[in-house]
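Right, one structure below, let's go through it.
The values are calculated or read from the model by the stated rules, or taken from the named source; none is laboratory data. None of these values were measured; they are calculated from a predicted model. So basically every Cβ, Gly included, is an ideal-geometry build from the backbone, and we count neighbours across all protein chains shown.
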Amino acid sequence: MRVRACLLLLSGLFSGMSLAFGATHNNIIIITLDTTRADRMGFLGSTRKLTPNLDAFAGQSVVFSRAYSQVPLTTSSHATILSGTYPQYHNVFQPPLPLPARIPYAPVILRRAGYHTAAFVGSMMLQAEGGGAPGFNRGFEVYDADFHNPMPGENRYSSLERRGDEVVSRALAWIEKHSATPFFVWIHLFDPHAPYDPPEPFASRYPAAPYDGEIAYVDSVMGKLFDALRVKKLYDGTFIALMADHGESLGEHGERGHGLFLYDPTIHVPLVIKLPGTAREGKELDTRVELADVLPTVLDAVGVVKPKEIQGRSLLPLISTGKDSAGWSAYSETDYPRGSFGWSPLRSMRTGKYLFIEAPRPELYDQTTDANEERDLASSSVAITQTLGAQLDAFRDKTRSEANAAAADLSPDQAAKLRALGYVAATNSGDREKVQGADPKDKIQIFDAMIDANSLMEQGRYAEAIPKLQAVVAKDQSVVSAYQALAHAYEKTGDRENAIAALRKEVELAPDLAWGHFELGKMLAEKKDLKGAQGELELAVAGLPQSADARYELAKVYVNTLQLDSAVKMAKEALKLDPKNYDSSLLLGFVYVNQNNPAAAIPHLKVASGERPNASRPHEYLAQAYGALGNKALAKKEQALADELKQKAAQ
């Protein structure tokens, strides 16, 4: 598709829209396709014939042929899409950093404007509670994202992610119930993300190109969505914006996956906007635009006032005129190399004919003559490189927030979830603002090895992952995340000694990594090194003010070293954070019984028995407590119940 010679007039473009007629707000659907390359779309020139349904949709919409993601990571990019702000403002640099309450957010804005709001996401990466996207459920009446780490033998599509068909089916069921009132729905499909595993018949159609199979499958799901909306007579009058959150590198520049580099395979994305109204011929605009522009365009189109904090630009004036008078630029960044590997972050600016990448060794490409970004001009065009570097720095200064970003100290469970989805967990808390340290270009082999190791661990092949991780630390002993992953793999294979050694190296390199101290303390306690465990767990408690688990583990150590007063204090802190926690309640009851304070023990032991009705130990301790109080009848009753539960457990 090329730019149409005849542009539609403003009044024609907005026919049927609330902005033109002051009617009820139009329905809004935002569709985000995870990990979807622009060059696989037929409407952007692909000849692979993967996207007939998306091509037909594009034929009735406005296609932005040069749209760019601001971050090649799922949570960070969605934070930009749904807030209209840049990553240096919203500070969601990588998962699972929370979306700050201060950030303008689409569902909050639209709900206040009278919309019903719902989100249907395809992966634990965007799960708001216990997943990679805390805070993302703010403003949504329904946030459909109940994922978990897979149990032994459990399919990833019933645990970590959902197929696109199921996501869309859930969304359509909700739309059916809310179609009489204006609604805003966000639909996210995770399918193109690694591992590439399309369902049939697409797996058989693309056996040598499974990524293409995933794209073809997603296209078929989109066809079902659009057909269902037409049947419900909702398609024509709904504002629909469809985009990828980022692309995917399939070996370009040595990168497999996304997150490390800022070249076009991961940053250039499809973006298509269908305005409300009757079907019309679509058009293509080749002005450079950003995903930060989506939310202001949505709000402008439906007549909702845009909060002043939004940094993106409404694309409606561009759509109406087709003129790029401002010479727009596109900013992108990735903090993944720094946060997960300890290397330098990267930033980029696409402006004029150039792609400039700010790195320890800056890069400059002329995209009009070097579409594959293969000829770096930085050393031969020093003045241009320096000028663009200064422009990029000025842009960041203008758009950054002064608010401090949250620390990315991941729990072992959060790290395991990220590994299961192919990501390396954040382990570094260095300066995000400085482009310094190892250049990611020089570390691509380590990056790819870590991706391979994560894939093996996600499949339960821990013994095979260990040599790859050992090779990583042999090449670069500063990669904290490699030691974290090694400890996990060693633990899963029963090699506690090497797991402890890896954890010691992890906390040596990153002494502020409180969860590292927690894991090391737990393992040392299991090894009966209680002195060492106490020191590590005390560091963990100091660094994890909201962790009931860290306090419980330390209380256990205190009990086993007969520091009972300290154990009581720590167990009380744990219960303040998690009042119905079985382990902490049982421990506190046990300590009170042993301190000859049975009356204080009983309430906690009752909580424990209520949380786990089939557990015998709360009843054993209750029997002791009642016996100490002279209540022989209740003591006998509790002991009998404890004996009965033991017998059932043994059967």
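Remark: pairs (first residue in region 47-61, under 13 Å from Glu284 (Cβ atoms); second residue modelled with pLDDT under 95 and of a type in the set (A, V, I, L, M, F, W, C); Cβ separation under 7 Å; 6+ apart in sequence or on different chains) = Gln60/Ala279. Ala416 meets each of the listed conditions (1) surrounded by 24 or more Cβ atoms within 10 Å (Cβ to Cβ); (2) modelled with pLDDT under 95; (3) small (Gly, Ala, Ser) apart from (1).
Residues are listed down the side, and each one gets a yes or a no for (1) modelled with pLDDT under 95; (2) of a type outside the set (Lys, Arg); (3) under 23 Å from the mean Cα position of the chain (by Cα):
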{"position": "Arg37", "(1), (2), (3)": "no, no, yes"}
{"position": "Arg40", "(1), (2), (3)": "no, no, no"}
{"position": "Val63", "(1), (2), (3)": "no, yes, no"}
{"position": "Leu82", "(1), (2), (3)": "no, yes, yes"}
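Taking Ser348 as the residue in question, decide whether it is in contact with a Ser or Thr (Cβ under 7 Å, 6 or more places away or on another chain), assigned by TED's automatic domain parsing to the domain that holds Ala394 and either closer than 15 Å to Thr399 by Cβ or assigned to a loop (DSSP other than H, G, I, E, B) (or both).
On the way: in contact with a Ser or Thr (Cβ under 7 Å, 6 or more places away or on another chain): yes; assigned by TED's automatic domain parsing to the domain that holds Ala394: yes; either closer than 15 Å to Thr399 by Cβ or assigned to a loop (DSSP other than H, G, I, E, B) (or both): yes.
Yes, satisfied.
Residue check: Ser314 meets all listed conditions (1) touching a residue at least 40 places away in the same chain (Cβ under 8 Å); (2) outside any strand (DSSP E or B); (3) in contact with a helix residue (DSSP H, G or I) (Cβ under 8 Å, 6 or more places away or on another chain) but one, namely (1).
Residue under question is Ser584, and the condition is that it be at negative phi and at pLDDT below 95; does it hold? So Ser584 fails the test. Here Asp227 meets each of (1) under 30 Å from Asp144 (Cβ atoms); (2) touching a residue at least 40 places away in the same chain (Cβ under 8 Å) with one exception, condition (2).
Considering region 238-307, the qualifying strands (runs of 3 or more DSSP E), each wholly inside and each with 2 or more residues that are within 19 Å of the chain's Cα centre (by Cα), in the same structural domain as Asp191 (by TED's automatic domain parsing) and under 30 Å from Ser455 (Cβ atoms), run over 239-244.
Applying the set (1) in a helix (DSSP H, G or I); (2) more than 26 Å from the chain's Cα centre (by Cα) to Ala489 leaves exactly one unmet item: (2). Looking across region 452-499, just one residue is surrounded by fewer than 16 Cβ atoms within 10 Å (Cβ to Cβ) and among the β-branched types (Val, Ile, Thr), and that is Thr493.
Determine which member of the set Val168, Val121, Val142, Val185 is surrounded by fewer than 21 Cβ atoms within 10 Å (Cβ to Cβ), in contact with a helix residue (DSSP H, G or I) (Cβ under 8 Å, 6 or more places away or on another chain) and at pLDDT 95 or above. Steps first, answer last, please.
Values: Val168 fails: surrounded by fewer than 21 Cβ atoms within 10 Å (Cβ to Cβ); Val121 fails: surrounded by fewer than 21 Cβ atoms within 10 Å (Cβ to Cβ); Val185 fails: surrounded by fewer than 21 Cβ atoms within 10 Å (Cβ to Cβ).
On inspection, the qualifying residue turns out to be Val142.
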